[in-house]
Amino acid sequence: MLFEEMIKNDQLVIGDKQFESRLFTGTGKFNDQQTMVAALKASRSELVTMALKRVDMQHRDDDILAPLIKNGMNLLPNTSGARNAKEAVFAAELAREALQTNWVKLEIHPDPKYLLPDPIETLKAAEVLASKGFVVLPYVHADPVLCKHLESVGCAAVMPLGAPIGSNKGIKTAEFLEIIIEQANVPVIVDAGLGSPSHAALAMEMGADAVLVNTAIAVAGNPVAMSEAFAKAVQAGRQAYLSGLGGQSTEAVASSPLTAFLEASL
Amino acid sequence: MKIQVNEQALTLPSAMNIEQLLTHLEKPLMGSAVAVNMQVINRSEWNQYDINEGDNISLFQAIAGG
């Protein structure tokens, strides 16, 4: 089957939305707005994250929203900055009004050093937000039991981490991501830590439904070209997953027939 | 009318609703969120929700983030 045919029947559905691209991107850390928009376009991403902040009364902020909307991108506001469930619910309600979407990337990380998500507060907030009609995508550690709990309280997807946010370390949680992917009945989006296209491809080969990349694109020498590289890697990884990867073995398995055809001539 | 906006004391020249306050402060409507006394106000109510003396207003803005 041609890949074109293969992907035609392979759309990702989360909540009420259907996605052709399995690469989600963040808008943070770009040097300037023009580069950000060009990189996001090159990524062909259909879902991009945003954050909220308290308005600085003295300064005017850049309007980054207009170019994103103009380019038809779906917005995924996050709750970054929330340290507990109560703050996250408040942030999600603000984000819904600011961006006019009931989608939310739920992230609660009280510790600024490693930015690791608080599982207890995240589960509490997820339950409240799902009951209020939000499409909740929680950022969590690669914890299979927690992911099942989040699924059961109504999350539309789960977003387990590969490595700490912005660390570019790749998939350090592979064994646990595999369990999450095996058990999940909602899409699994590997988020955080993916530092190179090969990391993204690996996540997709493992059967992740999508990946979210921000830092690795934004801080690259050429963010626009890197964005395209990630898009290709995600597509290649997905194609490999759908094609059925060959199994591994400890001993060699000959690729050429061992027919001993030279022995007779000696 | 005296109010607080993001922890800053402010005197408004006249009575106004939330939409008028944002315009008065030269803040964009798009991408903004408003809470009055820590209660998030729906965007659809901004042009009817009158600000009262002593209100504690919090203004938020969508920004880049991952």
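Just so it is clear, none of the values below were taken in a lab; they were calculated from the coordinates. Everything quoted here is computed from the prediction, not taken from an experiment. When we count neighbours, we look across all protein chains shown, and the Cβ atoms used for this are built from the backbone with ideal geometry, even at glycine.
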(request) Indicate the gyration tensor shape class of the range A:1-117 (rounded, prolate or oblate), computed on the Cα atoms with a ≥ b ≥ c the square roots of the eigenvalues: a/c under 1.5 is rounded; otherwise a/b larger than b/c is prolate and the rest oblate. (result) prolate
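First measure r as the distance between the Cβ atoms of A:Lys70 and A:Ala225, then evaluate 1/(1 + (r/R0)^6) with R0 = 22 Å and state the FRET efficiency to the nearest 0.05.
Values: r = 23 Å, r/R0 = 1.03.
That gives a FRET efficiency of 0.45.
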(message) Going 7 Å from the Cα of A:Lys41 along its beta-carbon direction, which residues of the range A:72-91 have the amide nitrogen within less than 17 Å of the resulting point?
(response) A:72-74
(message) Quick check on the range B:2-61: take the gyration tensor over C-alpha atoms, sort the square-rooted eigenvalues as a ≥ b ≥ c, and tell me if it's rounded (a/c under 1.5), prolate or oblate.
(response) rounded
(request) Among B:Tyr49, A:Tyr241, A:Tyr114, rank each residue by its count of other Cβ atoms within 10 Å, from fewest to most, as a rough exposure measure. (result) A:Tyr114, B:Tyr49, A:Tyr241
(message) With +1 assigned to the C-beta of every Lys and Arg and -1 to the C-beta of every Asp and Glu, and no other charges, what is the dipole magnitude of the range A:92-171 about the Cα centre in debye, to the nearest 20?
(response) 160
(request) Would you calculate a helix-derived [θ] at 222 nm for chain A, using -39,500 (n - 2.57) for each DSSP H run of n ≥ 4 and dividing by the full residue count, to the nearest 500? (result) -11500 deg cm²/dmol
(request) May I ask you to evaluate 6.51 cos²θ - 1.76 cosθ + 1.60, the Karplus curve with θ = phi - 60°, for each residue of the range A:97-111 and list the ³J(HN,Hα) values in order in whole Hz, giving x for glycine and proline? (result) 6, 5, 10, 6, 9, 9, 7, 8, 8, 7, 9, 10, 10, x, 9
(request) Could you please report the charge total around A:Lys86, scoring K, R as +1 and D, E as -1 over all other residues with beta-carbon less than 14 angstrom from its beta-carbon? (result) -2
(message) Can you give me the distance in nm between label points at A:Ser249 and A:Gln183, each placed 7 Å from the Cα along the Cα-to-Cβ direction?
(response) 3.2
(message) Full-extension gain between A:Lys17 and A:Thr101, please, as 0.36 nm times their residue separation minus the C-alpha to C-alpha distance.
(response) 29.0 nm
(message) Please compute the average number of Cβ atoms from other chains found within 10 Å of each residue's Cβ in peptide A:112-118.
(response) 0
(request) Mind running the shape call on the range A:140-250? Use the C-alpha gyration tensor, a ≥ b ≥ c as the square roots of the eigenvalues: rounded below 1.5 for a/c, prolate if a/b tops b/c, oblate otherwise. (result) oblate
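With a Förster radius of 45 Å, plug the Cβ-Cβ distance of B:Ala15 and A:Ser131 into 1/(1 + (r/R0)^6) and report the FRET value to the nearest 0.05. Write out the running numbers ahead of the final one.
Numbers: r = 37 Å, r/R0 = 0.82.
Given R0 = 45 Å and the Cβ-Cβ separation, E is 0.75.
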(message) Could you compute the net charge surrounding A:Val13? Neighbours are other residues with a C-beta less than 13 Å from the C-beta of A:Val13; K and R count +1, D and E count -1.
(response) -3
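May I ask you to list the chymotrypsin sites (Phe, Trp or Tyr not before Pro) in the range A:1-98 that are in a DSSP loop and have at most 15 other Cβ atoms within 10 Å of their Cβ? Don't skip to the answer; put the middle values down first.
Numbers: sites: A:Phe3, A:Phe19, A:Phe24, A:Phe30, A:Phe90; in loops: A:Phe30.
Nothing satisfies the criteria.
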(request) Express as a percent, rounded to the nearest 5, the fraction of DSSP beta bridges in the protein assembly as shown (both residues included) that run antiparallel. (result) 45
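Within 10 Å of each residue's Cβ, count the other Cβ atoms and sort A:Leu177, B:Leu22 from fewest upward. Spell out each step's value before the answer.
On the way: A:Leu177 24, B:Leu22 19.
In order of increasing Cβ crowding within 10 Å: B:Leu22, A:Leu177.
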(request) Give a residue-ordered list of calculated ³J(HN,Hα) values for the range A:135-146 (Karplus: 6.51 cos²θ - 1.76 cosθ + 1.60, θ = phi - 60°; whole Hz; x for Gly, Pro). (result) 8, 9, 10, x, 8, 9, 5, 6, 10, x, 5, 4
(request) Could you work out the local net charge near A:Met159, counting Lys and Arg as +1, Asp and Glu as -1, over the other residues with Cβ closer than 15 Å to its Cβ? (result) -3
